[in-house]
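Since the structure comes first, as structure tokens, the remarks are kept for the end.
The values are calculated or read from the model by the stated rules, or taken from the named source; none is laboratory data. Quick caveat: nothing in here was measured; it's all calculated off a predicted structure. Positions of Cβ are generated from backbone atoms using ideal geometry, with glycine treated the same way; all protein chains shown enter the neighbour counts.
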Amino acid sequence: MRTTVVLAILLSATLSRGGEAADSGAPANDPAVTVSLAAPASPAAAVSGGARIARVTDWIRERAPGCPPDLMVSAAQQFLEDLQERHPDQLDRLLAEDFPVREIEPTLLMLVAAQLKGSQWSGLREELARRRVEAVLAQEGSAAAAASAEAAGLMAKIENMSQVQFRRLLEGRMEADDLELLLKKARGGDAARPKPTSAETKTLTVSDIVSEFSRRNQVGSALQRLRAYTIEARLKTASGNEQRLLLFKMRPDRFRLAVQVDGTTRFIVAGDGQHFWQQTPGQPPQAVTADKIGSRRYLGEFIDPLFAEEGVSYERLADGSSGGQKFYRLAVRRSDGSSYVAQIDQDSFRETGREESDGGSTQYSDFRQVAGVTIAFREEATDREGRKGVLDLIRVTPNPGLIQDFFEPASQAEQGFFAVEQLLARASPAAGDSKLPGK
Amino acid sequence: MNWPQSMTTPARSSRRFDTRRILKAAGVGLVLLYGMFVSTGYIWLRYALKNDRVSLSDVAFFRLREVRRGMAAEQFAAGKSAWDAGKYQAAYLAFISGVRNDPDNVAGRLMTADFLGVASAGNLEISLLEDGLRRAPDDRQLIERTFALLTTTGRDRRALDLLHRQYASRLTGPNGPLLRTSEVLATLNEDGAAAAKGLLEKYPDLKDRSESAPVVARVLWETRDRLAAIDLLAAYVQSHPSGYAAYAQLADWQVAAGMADDAVQVAQRACAQFPQDVAPRGLLIQMLAASQTFESSACQRAIESYLKDLGGRPEALTMLASLAGRQGWVTLARTLYAVAGSRQPNLAVLALAYSDALVRVSQLSDAQRVLTEVEAQTDDANAAFLRLLRQRQVEVAAARGDRDGAREYARRLASAFRSDPEGMETLRRRFLREGIAEAAAELTSASAAAKVAASN
């Protein structure tokens, strides 16, 4: 089937990118409403109480004596709300004498800086940013004097490297993970160094490139927090047909792809890396062998193999270029012997393309960083005969509550699936005959 | 000193003239200032704050109360619009500002309470209503709403405290029957049927008051006078057909008393009475399954028409899945989960319904696995969902005989209830009733700590 071949090319290449998930701009779902309401609906009193606010305000006063008292209180409230949300266990210990103030010092300074709006506070903001860097260095074990000197140097480097990042740091808009990365970068002098020449880039080993890809395409360890995700996408095939695709993925290797046309499901294919099944309306699920399922089996790869998956080996090939932009070329070999060539942009370390072993290719664009991970929201695939298909991601939802049973065939239930879907589409002239799921 | 008259008279005259001029100038200045103040204030209120109801005379005569009322009316209207548009943050700000500007506007306060209830901000909703009662203790709507909320969310002790503290002298007043009915209900929930029955005997007039019938019927039901309870509630449904809760209660009792066919009729009447609502249709499915079987053609047809008629509504699948979970209809719960996958981004609530169904048919290890999978995908910041999840984890662990697991999950559950000691207390009692003593004990200590924290 042509459709599924194109799908396989597009999806196996694209959707297994290990994207952390996100909404591409569609309205947030219910929990987001809850969260957005939670801010005003949870007065600081709910989490704090006077004693805690007073305690935190004291800490702020010690560290930022020039900060106006009302802003100190606001920062303290913000801190307590954050603490309750992220480390509720620490909230109880807040008033204890042995509370590890040093550990929370960078966060505290960031929140204070975020309260300081207006140019009159620029000096204080800079001072707080320097102290924050100093506190991070001190946490890493630097002696106070050394930390102070190093902090000043690093601040200058950051300013030199990127005005945007420097401003984010000053304005208290840079989270701890980002700051950690930035400091690492500043220490390494990556950005301060002139752009590497092609001679220099050749010195990067394949593991350097893979490691850098993994580091550059997620913030901190964002991928570790991703247990499952769903992708809603629109596929335009070479023949001009348009389909809605829903891909559900769950660690370690579960996947379920539903192809919909006009709001109803026409085809389901699913599996767990070893066993696969597919189903069409009116038919029970049918087991499919790994051979028959072809490249669609790679939909089971939870994340892009470039994120240093086990059982995958890499080899650096001759670099390539396209439109004046140079890219690394890595041969990615899976444990089953299949392979493809990944094209990695030399500047951004984004995977901008793939060369499939059957002669097809895919180009990735519209990169968006969502929930800490960079993913491509647009893929253009060309098969070996030159036919093109375009996949646009509409929405990616992280950790949506997927369960293992969803990826397993259940004949009776799945028969009911199509019947229920037809009823919901209100396009069921034979609704009375439809076989609903049993108990 | 005696100055020549020729010298003093013009000087005195000039001073008088100057004083008059100064007074006149000051008067004109004040009038101008007043005019500027009034016009600026009016322009500010009318155009900057977009308060269409403010008039020039309100500002000119410093009718601040009127001005604030006008502003509040605008804010309530803006809140409603934002709410309808799904802009919860804007709605919240508008509603709260409206209440602040016109705290005596009962209708606005009730609308704000409605909004907070829908937004799951239960504690704020209660505070808002209690504050309203302090301002308007005799407002019937406020009384009804506040006590209904308290007695349906496990805050019966708080309801009784409020009744005994604020309404002790009003129990015999115009709102006396309403207040006494609330007292009986809160006592029934808090202290049990015997205490409620004793109280009801002190208030014999309630037995003849039709508005009190649901509460009186509940006391009868709880004291094992079941047929009398059913008769009384059936009569109430007949005379007060517009309240859905009584239909559901009556049908449940009828099924429990072996009158499932009658329950089906009650559910059918509810469907006819509330044709656009999801809940009565769910009730009918439930009663048909009880009266016949889930597989019966009548029940299957009811499910089909539910999906056809209501399936386009966002809550329809979740509500049916929830019913399937409570009834143990595993396959239906699983199917609805799969169908929802292509219709909504988050499936966690449907996964809970599926796990409920597995628990009902004693597939406990499968249920536990589902909950563990959902837990791995749950953000710790989502306290409302965590409560639902952890509660189930406690119950499944206890059902499997895993006491340590139940205790551990209860500890985590307590963390999700940290800012809601009353909610924690309600759950503690539930665990006690279910015989999960270790979980109840865990919540007891956590509840005490939470109360101390809240009072700091």
Self-check item: Near pairs, Cβ below 6 angstrom, 6+ apart or cross-chain, from the range B:184-197 (among the small types (G, A, S)) to any residue that is buried (at least 17 other Cβ atoms within 10 Å of the Cβ) and not in a helix (DSSP H, G or I)
Solution: B:A193/B:T223
Quiz item: For the range B:50-117, which helices (runs of 4 or more DSSP H) that fit wholly inside it have 1 or more residues that are within 23 Å of B:R145 (Cα to Cα) and within 14 Å of chain A (Cβ to nearest Cβ)?
Solution: B:64-84, B:88-101
Quiz item: Based on what the data block shows, is B:E408 at negative phi, surrounded by fewer than 24 Cβ atoms within 10 Å (Cβ to Cβ) and at pLDDT 95 or above?
Solution: no
Quiz item: Quick one: B:A267 ticks every box in (1) without any contact (Cβ under 8 Å) to a residue 40 or more places away in the chain; (2) within 9 Å of another protein chain (Cβ to nearest Cβ) bar one, so which box is it?
Solution: (2)
Exercise. List every residue pair whose Cβ atoms lie under 7 Å apart, where the two residues are 6 or more positions apart in sequence or sit on different chains, the first residue falls within the range B:390-401 and is in the same structural domain as B:D356 (by TED's automatic domain parsing), and the second residue, located anywhere, is surrounded by fewer than 22 Cβ atoms within 10 Å (Cβ to Cβ) and among the β-branched types (V, I, T).
Key: none
Self-check item: Number of the condition not met by A:L393 [criteria: (1) without any contact (Cβ under 8 Å) to a residue 60 or more places away in the chain; (2) under 25 Å from B:R343 (Cβ atoms)]
Solution: (1)
Quiz item: Within the range A:328-369, can you find the residues that are within 22 Å of the chain's Cα centre (by Cα), surrounded by fewer than 19 Cβ atoms within 10 Å (Cβ to Cβ) and of a type in the set (K, R)?
Solution: A:R368
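Residue by residue, here is whether (1) under 27 Å from B:T153 (Cβ atoms); (2) under 29 Å from the mean Cα position of the chain (by Cα); (3) assigned to a helix (DSSP H, G or I) holds:
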{"site": "B:E201", "(1), (2), (3)": "no, no, yes"}
{"site": "B:K207", "(1), (2), (3)": "yes, yes, yes"}
{"site": "B:L220", "(1), (2), (3)": "yes, yes, yes"}
{"site": "B:R224", "(1), (2), (3)": "yes, no, no"}
{"site": "B:A229", "(1), (2), (3)": "yes, yes, yes"}
{"site": "B:Q265", "(1), (2), (3)": "no, no, yes"}
{"site": "B:C299", "(1), (2), (3)": "no, no, yes"}
Quiz item: If B:P137 passes every condition in (1) part of a loop (DSSP other than H, G, I, E, B); (2) out of contact with any helix residue (DSSP H, G or I) (no Cβ under 7 Å at 6 or more places or on another chain) but one, which one does it miss?
Solution: (2)
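Take the range A:108-122 and flag every residue that is at pLDDT 75 or above and in a helix (DSSP H, G or I). Even if it seems obvious, please write down each step before you answer.
Filtering the range A:108-122 down to residues at pLDDT 75 or above leaves A:108-117, A:121-122.
Selection gives A:L108, A:L109, A:M110, A:L111, A:V112, A:A113, A:A114, A:Q115, A:W121, A:S122.
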Quiz prompt | Number of the condition not met by B:A272 [criteria: (1) in contact (Cβ under 8 Å) with a residue 12 or more places away in the chain; (2) exposed (fewer than 14 other Cβ atoms within 10 Å of the Cβ)] | solution = (1)
Exercise. Would you mention how many residues in the range A:254-274 are facing chain B (nearest Cβ under 10 Å) and outside any strand (DSSP E or B)?
Key: 1
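Look at the range A:208-231 and say how many of its residues are polar (S, T, N, Q) and within 14 Å of chain B (Cβ to nearest Cβ). Steps first, please.
At the first step, the residues of the range A:208-231 found to be polar (S, T, N, Q) are A:211, A:214, A:217-218, A:221, A:224, A:230.
Add one more test, that the residue is within 14 Å of chain B (Cβ to nearest Cβ), and what stays is A:224, A:230.
The total comes to 2.
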Quiz item: Looking at this structure, is A:S321 among the small types (G, A, S), out of contact with any Pro (no Cβ under 9 Å at 6 or more places or on another chain) and not in a strand (DSSP E or B)?
Solution: no
